[in-house]
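Beneath this line is the structure, given in structure tokens, with notes to follow.
The values are calculated or read from the model by the stated rules, or taken from the named source; none is laboratory data. All figures in this text were calculated on a predicted structure; none of them were measured in a lab. As a convention, Cβ positions derive from the backbone with ideal geometry for all residues, glycine included, and neighbour counts pool all protein chains shown. Areas reflect the complete protein model, heavy atoms only, side chains present, ligands, DNA and RNA absent. Shrake-Rupley method; radii C 1.70, N 1.55, O 1.52, S 1.80 Å.
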Amino acid sequence: MRLKGFVKKETLQIIRDPSSIAIAFVLPIILLLIFGYGVSLDAKRIPIAVVVEKPGPETNQFIAGFRRSEYFIPKHMRTIQEAMKAMKKAQVNGVVWLRENFAREYHRKDSPPISLLVNGVDANTAKIIEGYVQGVWLNWLEQHGLQNGIHLKIPVQVGYRIWYNPEVRSRNYLVPGIIAVIMTLIGALLTALVIAREWERGTMEAMLVTPITAREIILGKIIPYFILGMGGFMLSFLVSIFLFNVPMRGSFLLLLGSSSLFLLASLGMGLLISTLAKSQFVAAQVSIVVTFLPAFILSGFIFEISSMPWPIQAITHLIPARYYVSILQSAFLAGDIWKIFIPNAVALILMTIFFIGIIHKKTRKRLD
Amino acid sequence: MRVMSRIMALIVKEFLALLKDRKGRLVIILPPIAQLIVFGYAATFDLNHVKFAVFNEDRGIAARDLIARFEGSKAFDLVANLQSDQQITPIIDNRDALFVLHIGQDCTRKLLSGGQCTVQVLVDGRNSNTALLILNYVREIIYRFNEEWTANHGLGTLPSRLDIRAWFNPNLESRWFIVPGIIALLSLVVTLIVTSLSVAREREAGTFDQLLVTPLRPVDILVGKAVPGLVIGLFEGTFILLLTVLWFRVPFTGSLLVLYSGLVLYLMAAIGIGLMISSMCSTQQQALLGGFLFLVPAVILSGFATPIENMPPVVQKITYLDPMRYFLVIVRRSFLEGASLDVLFNQFWPMAIIGLVTLAAAAWFFRHKVY
């Protein structure tokens, strides 16, 4: 009964300050739209300078490969100096350079070089460009060989299949990942200030003199925000599936279950910040620092965890989003894989218990 | 003179508000340093120790040589030798291996008789960027193998060679790209921590109304609120910069003057946005939400982790409003390319405009609450 009244009071507070509702419903929409439409690691239509010092049939055929490729926009330039200037001005990301004696050496079978100079500042894009240029080059070798009746001998060839995401749409893994970031923000932002606010306004002391117990205070702070947060999750889920056409290969129930576990962990983290900080100002500062960036960088959502040095990998285990990202990517793209779901879900439960345990201890102390 | 001393008093008061509380001090000073170190190591697109499994049906020497090359690569760690193709699906499903290298039965025999052999690479595409990078590494290894195989077996040379060189970052270390970016990231976070709550906090406590009835003009209040952000931002920016050069050993080839002019403009723009958000809000909860509604898109659309060129044209236009976009270019190109002021000029003035507009808006909102 007491709990019911307390939940009602919290709910009224949520309704009075629309910022909580905005956190649950406006924030996810804005972030999903930006991520879904804006963010992509699929480099396409890369501007690249092409310098052919002495055009001929061999070089024309090679260059045609770039025009056909959806990955490049070739820009013809007359001299390498001109091309390098364009690269310095960041007008092109790379330069393909066929020197004057290319055709002559080619016919003498001297294996003349085709130079590719890439701008290495963005190393990731540079590597992707290298891969694409190699593809164009191998294509040309094969075609050219066939036309001239030379059986080209590339001994080992690579056949590949990319599972779960055969068309390599980066949106398919970025959108599930952003749900983890969104849920981290929703959970922590909703609750980061609520206990600190009570301390600051003195209403916590007022509550201490009522018969309400610490457990009821914590539950009363979690229940309404949990409902709000799950609303935010449903919204994100629907947008991902219907607007961004991310495939959903696992079962919805499992996803819902793990999302509620994760939301509890995030709400717990927010309440913990709030309990320890005791002032809204510090709580807000802490939540800016500990929520977004760790969930963005250390969760495995953009940067591969297994490639990080081991001490950093150890730190990632402290980030609840890490477990959720793993579940999300499998649930959306692969299906119900219990060997991934169970350990990650257990980790989320343990983190929730840990957070709530500390909050309980700290709140009770003050009640004494 | 009187005005100056009043503003000074306000600045001192703002610093006290930020730093007098031990917890508050810790929040402003500790996380940026810790995060630079952690993120600097974490945020890399280079692959290390990627787990892979081999399903080898060929007992010949070519397969052994090929597998040895994969094992020898720093990027890959062999975790399992599979005995049947039924084992492939579970090992990828469970993420015990990120890819499986499958060499079919007669690979060596075909190669020795002058033929070709196709090896299958099955990659986990749940993170499609990692999948593409894995394929690139795989192709690189196979390319080297082919070169040596053709040379050793008298098969002649390929009709041409592809000679790849990377400028400004010869080893293509993505750390050189990401760590300078973290300078921009953390300066933004620190500035927002300092500014985005400052007015809302006083509004909530009621002290902002008192401030408004003092002889201080809105401009004076603005200066008082902005200076701590600038000082703390510059201080931490410098510290992070030093760590980037001394700890992460990213070469700095540009001009400090260019970098610092960029940093000051960037901080002014960030302060302007932070104060504008803060002065539009009446509670800290709202300001916190506002801060995040700016911070998260600003980081995501800045080009920090995913290139702006990959975004659709409409979104690319939105990024012009993001000060981080400009400063990222300045800091990255200063570090790696040693870019000069004339090359970077177009990154400077937009930040100045963003700063001026938002600072003016903040001052206006001091007396015109939105909500």
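In table form, for the structure just shown:
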{"item": "Principal-axis tilt of helix B:218-246 within chain B, Cα atoms, nearest 10 degrees", "result": "30 degrees"}
{"item": "Vicinal HN-Hα couplings computed from phi for region B:60-70 (Karplus, 6.51 cos²θ - 1.76 cosθ + 1.60; Hz; Gly/Pro x)", "result": "x, 6, 5, 5, 4, 4, 4, 5, 4, 5, 5"}
{"item": "Antiparallel bridge percentage (DSSP; both residues within the protein assembly as shown; nearest 5)", "result": "20 percent"}
{"item": "Simple Cβ-charge dipole of chain A, Lys/Arg +1 and Asp/Glu -1, about Cα centre, in debye nearest 20", "result": "480 debye"}
{"item": "Rounded to the nearest 10 Å², the accessible area of B:Asp106 at probe 1.4 Å", "result": "60 Å²"}
{"item": "Convex hull projection area averaged over all views, region B:50-152, Cα basis, nm²", "result": "6.1 nm²"}
{"item": "Lysines whose Cα lies under 17 Å from that of A:Lys109, excluding same-chain neighbours fewer than 8 positions away", "result": "A:Lys153"}
{"item": "Cross-link reach list, aspartates and glutamates versus B:Lys23, counting only Cα pairs under 18 Å and skipping chain neighbours closer than eight places", "result": "A:Glu200, B:Glu14, B:Glu236"}
{"item": "Spin-label zone in region B:256-270 - amide nitrogen under 20 Å from a point set 7 Å from the Cα of B:Tyr320 along the C-beta vector", "result": "B:266, B:269-270"}
{"item": "Unpaired by the 4.7 Å Cβ criterion, cysteines found in the protein assembly as shown", "result": "B:Cys281"}
{"item": "Degrees, to the nearest 10: B:174-195 long Cα axis against longest axis of chain B", "result": "20 degrees"}
{"item": "Phi-based couplings in Hz for region B:48-55 (Karplus 6.51, -1.76, 1.60; Gly and Pro marked x)", "result": "10, 6, 6, 6, 9, 10, 10, 10"}
{"item": "Dimensions in Å of the protein assembly as shown - Rg and Dmax from alpha carbons", "result": "28.5, 96"}
{"item": "Radius 15 Å from Cβ of B:Val27, net charge of other residues (Lys, Arg +1; Asp, Glu -1)", "result": "+4"}
{"item": "In order through region B:11-25: 3J(HN,Hα) via Karplus (6.51 cos²θ - 1.76 cosθ + 1.60), integer Hz, x for Gly, Pro", "result": "4, 4, 4, 5, 4, 4, 4, 7, 10, 6, 7, 4, 4, x, 4"}
{"item": "Relative contact order (%) - criterion: Cα under 8 Å, at least six apart; region: chain B", "result": "19 percent"}
{"item": "Average projected area [Cα convex hull, region B:237-353], square nanometres", "result": "8.2 nm²"}
{"item": "Assigned charges on the beta-carbon of Lys, Arg, Asp, Glu; region A:46-147 dipole about Cα centre (debye)", "result": "280 debye"}
{"item": "Residue with peak Gaussian network fluctuation, chain A [Cα springs, cutoff 10 Å], from A:Thr203, A:Thr184, A:Thr291", "result": "A:Thr203"}
{"item": "Translational diffusion of chain A, µm² s⁻¹ [Kirkwood Rh, Cα pairs; Stokes-Einstein; 10 °C; 1.306 mPa s]", "result": "66 µm²/s"}
{"item": "For region A:74-133 versus region A:10-35, the gap between their alpha-carbon centres in whole angstrom", "result": "50 Å"}
{"item": "Relative contact order for chain A, counting Cα pairs under 8 Å that sit 6 or more residues apart, in percent", "result": "20 percent"}
{"item": "Coordinate range along principal axes, alpha carbons of region A:46-147, Å, largest first", "result": "36, 25, 21"}
{"item": "Rel. contact order, % - alpha carbon contacts under 8 angstrom, at least six apart, region A:46-147", "result": "31 percent"}
{"item": "Placed amide H near A:Leu41: partners under 5 Å, 5+ positions off or other chain", "result": "A:Ser170"}
{"item": "5 angstrom amide H check on A:Gly300, placed H, neighbours 5+ away", "result": "none"}
{"item": "Placed amide H near B:Leu82: partners under 5 Å, 5+ positions off or other chain", "result": "B:Val54, B:Phe55, B:Asn56"}
{"item": "Positive-end residue, chain B charge dipole about Cα centroid, Cβ charges, pick of B:Ile232, B:Ser73, B:Trp247", "result": "B:Ile232"}
{"item": "Exceeding the 32 Å Cα-Cα cut-off - candidates A:Lys8/A:Lys362; A:Lys75/A:Lys127; A:Lys8/B:Lys13; A:Lys127/B:Lys317; A:Lys88/B:Lys225; A:Lys9/A:Lys361", "result": "A:Lys8/B:Lys13; A:Lys88/B:Lys225"}
{"item": "Of the DSSP H helices in chain A, those whose Cα atoms cover at least 18 Å axially and whose Kyte score averages 1.0 or more", "result": "A:19-33, A:171-192, A:214-238, A:252-277"}
{"item": "Nearest 10 degrees, 0 to 90: helix B:128-152 Cα axis against chain B principal axis", "result": "40 degrees"}
{"item": "Gap separating the Cα centres of region B:294-312 and region A:202-225, nearest whole Å", "result": "41 Å"}
{"item": "C-alpha center-to-center spacing [region B:131-179, region A:236-251] in angstrom", "result": "38 Å"}
{"item": "Sum of -39500 (n - 2.57) over DSSP H runs of 4+, divided by residues of chain A (222 nm, nearest 500)", "result": "-20500 deg cm²/dmol"}
{"item": "Candidates B:Arg144, B:Arg201, B:Arg333: whichever shows maximal mean-square fluctuation once chain B is modelled as a Gaussian network with Cα springs under 10 Å", "result": "B:Arg144"}
{"item": "Neighbour net charge for B:Val343 - beta-carbon separation under 10 angstrom, K R +1, D E -1", "result": "+1"}
{"item": "Counting DSSP beta bridges with both ends in region B:50-152, the antiparallel % (nearest 5)", "result": "25 percent"}
{"item": "Where the Cα pairs of region B:112-195 fall when distances are cut into 10 Å bins, in %", "result": "12, 26, 27, 19, 9, 5, 2, 0"}
{"item": "Local electrostatic count, A:Phe281, Cβ distance below 12 Å [Lys/Arg +1, Asp/Glu -1]", "result": "+1"}
